[in-house]
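Here's the structure we're looking at; comments come further down.
Nothing in this text is a laboratory measurement; each read-out follows from the coordinates by a stated rule. Everything quoted here is computed from the prediction, not taken from an experiment. Virtual Cβ from ideal backbone geometry, glycine too; neighbours counted across all protein chains shown.
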Amino acid sequence: MAMAKYDLTPRIAPNLDRHLVFPLLEFTQERELYPNDQILKAKIELLNNTNMVDYAMDIHKSLYHTEDVPQDMVDRRVEVVARLKSLEEAAAPLVTFLQNPKAVQELRADKQYNLQMLNEHYQIGPEQIEALYQYAKFQFECGNYSGAADYLYQYRALCTNAERSLSALWGKLAAEILMQNWDIALEELNRLKDIIDSKNFSSSLNQVQSRIWLMHWSLFIFFNHDNGRTQIIDLFNQDKYLNAIQTNAPHLLRYLATAFIVNKKRRPQFKEFIKVIQQEQHSFADPITEFLACVYVNFDFEGAQKKMKECEDVILNDPFLGKRVEESNYTVVPLKDEFLENARLFIFETYCKIHERIDMGVLAEKLNLNYEDAERWILNLIRTSKLDAKIDTQTGTVVMEPNHPNVYEQLIDHTKGLSGRTYKLVSQLLENSQAQAAR
């Protein structure tokens, strides 16, 4: 229960569709972060505004250890079944058309043509198209995510209302996440991002709020997709998204920090991100961000060592970072091992930049390893060319080789930084001039 202090579910849940909160509650229940009755009550409260009445009944029986359910749940179930039948009948003409492969071939990319053709040849008009949306939404609320995803996809192909089409896209994204179709979910995420970032989005306030929602929803994808840890940096580290994190959702820094740490390729944006960590260390305290502050801001290596243990606990009890995988009859958390390995490397690299000769015993303590494991770990780094050093076995020290910076590499780095800042400046000037022209 003590680990609940690091749990971000109360901060994340308000930015998710209620169906996306269920996997988080399942995880917290499995990890026993809160009393079981408390989680079951939270589940019932979530289910009250969905059509998943059977699921709510099962949880009620489990919570109160009874086979009886309240009458209002029984009445609600009757109401849901009747409403589902009514929506099914209203959407039936369009659903029948969409299930006919020969008929579907008549559809074209031109939505106006499709609407006219459907009306003239099949007597399908705006009412039936709207009925398809309501039917898809109802299916989603019932927990039939596969059916909802199919109907929402088909609805968007016919819908001419931009706002309703956007709502359907959010629903489709949620359905794909809940079915764990990570490749398709990533495609929908990028499609949604393009719409949110477009100049003609409804308002600046809605745009910021939509970016915050998008980043929260993206956590499911990025920590399950093969290339997710790189893509979360590409998205969260963009100026507009990073600004939204700093002003409205600093808790998301935990996930961006983790992605930077576990990424095999050290990113040029990492130095800039450390500045953000430094700026935000008073508005959001988290062992993972504090670990980076210890190493790169305060050079507090003892503090970093203590934070590593806390980071391990955070990862194990975080629903996105603590993903478990079955390997040879036992369960592992792959991200935990990668994180600890790279975190040691971060401490080691920074410590070595400050000292020319380092006592192996002191180093083992800083890395949270015993002497033999530390020696083996450092030897492996030297062999794989990750470290320019040698071990003096007589004195039990690591001797760093002098590392003179390459002038050409420095010049290239500065040029890249300059071109990046120039691009940002030009983009801001263009945006300002377009905004003034639109007034």
## Note on the structure
Taking N as the number of residues in the range 71-201, the ratio of its alpha carbon radius of gyration to 2.2 N^0.38 Å works out to 1.13
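So, counting K/R as plus one and D/E as minus one, what does the shell of residues with Cβ under 14 Å around residue 147 add up to?
Details: positive: 137, 172; negative: 88, 141, 150, 176.
Around residue 147, the charge tally is -2.
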### Message
Tell me which trypsin sites (Lys or Arg not before Pro) from the range 164-238 have a DSSP coil assignment and no more than 14 other beta carbons within 10 Å of their own.
### Response
199
### Task
Quote the Stokes-Einstein diffusion coefficient, in whole µm² s⁻¹, for the range 59-108, based on the Kirkwood radius over alpha carbon pairs, a temperature of 37 °C and a viscosity of 0.692 mPa s.
233
#### Entry: Calculated Rg and Dmax of the range 297-380 using C-alpha coordinates, Å
14.5, 45
### Query
So which GluC sites (Glu not before Pro) in the range 1-60 pass both tests, a DSSP loop state and at most 15 other Cβ atoms within 10 Å of the Cβ?
32
### Task
Using Cα pairs closer than 8 Å and at least 6 residues apart in sequence, work out the relative contact order for the chain, in percent.
10
### Task
Please work out whether the range 97-139 counts as rounded, prolate or oblate from its C-alpha gyration tensor, where a ≥ b ≥ c are the square roots of the eigenvalues and a/c under 1.5 means rounded, while otherwise a/b larger than b/c means prolate and anything else oblate?
prolate
### Query
Mind checking the angle between helix 301-316 and the chain's longest principal axis? C-alpha axes, 0 to 90 degrees, to the nearest 10.
30
### Query
What's the angle, to the nearest 10 degrees (0 to 90), between helix 204-222's Cα axis and the longest principal axis of the chain?
70
### Task
Quick one: compute the contact order of the range 175-238, relative version, from alpha carbon pairs under 8 angstrom and 6+ residues apart, as a percent.
31
### Summary
Quick calc: nm separation of the 7 Å Cα→Cβ label points for residue 388 and residue 67 -> 7.6
### Under 23 Å from residue 193, Cα to Cα: lysines that are on another chain or at least 8 residues apart
111, 137, 172, 240, 424
### Task
Please list the equivalent ellipsoid semi-axes of the range 190-235, computed as the square roots of five times the alpha-carbon gyration tensor eigenvalues, in descending order and whole angstrom.
22, 10, 7
### Task
Mind computing the radius of gyration and Dmax over the alpha-carbon atoms of the range 178-321? Å is fine for both.
15.7, 51
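Work out, in µm²/s and without decimals, the Stokes-Einstein translational diffusion coefficient of the chain at 25 °C, 0.890 mPa s, Rh from Kirkwood over C-alpha pairs. Could you put the intermediate results ahead of the total?
Numbers: Rh = 25.6 Å.
Rounded, D is 96 µm²/s.
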### Query
Which residue, 286, 37, 72, tops the fluctuation ranking in a GNM of the chain built on C-alpha contacts under 10 Å?
72
### Task
Please report how far the C-alpha centroid of the range 45-71 lies from that of the range 260-287, rounded to the nearest whole angstrom.
43
## Note on the structure
Given the candidates 65, 84, 384, the one whose Cα lies deepest towards the positive end of the charge dipole of the chain, counting +1 at each Lys or Arg C-beta and -1 at each Asp or Glu C-beta, is 384
### Query
Any idea what angle helix 371-383 forms with the longest principal axis of the chain, computed on alpha-carbon atoms, 0 to 90 degrees, nearest 10?
80
### Task
Kindly give the semi-axes, whole Å and largest first, of the ellipsoid equivalent to the range 1-155, taking each as the square root of 5 times a Cα gyration tensor eigenvalue.
40, 20, 10
## Note on the structure
Stokes-Einstein, Kirkwood over Cα pairs, the range 8-96, 25 °C, 0.890 mPa s; D in µm²/s equals 165
### Message
I need the trypsin sites (Lys or Arg not before Pro) found in the range 1-69, filtered to DSSP loop residues with at most 12 other beta carbons within 10 Å of theirs.
### Response
none
## Note on the structure
Rounded to the nearest 0.05, FRET efficiency between residue 109 and residue 300 (Cβ-Cβ, R0 56 Å) equals 0.40
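Sort the range 165-246 into rounded, prolate or oblate with this rule: let a ≥ b ≥ c be the square roots of the eigenvalues of the Cα gyration tensor; rounded if a/c is under 1.5, and if a/c is not under 1.5, prolate when a/b is larger than b/c, oblate otherwise.
Here the range 165-246 falls in the oblate category.
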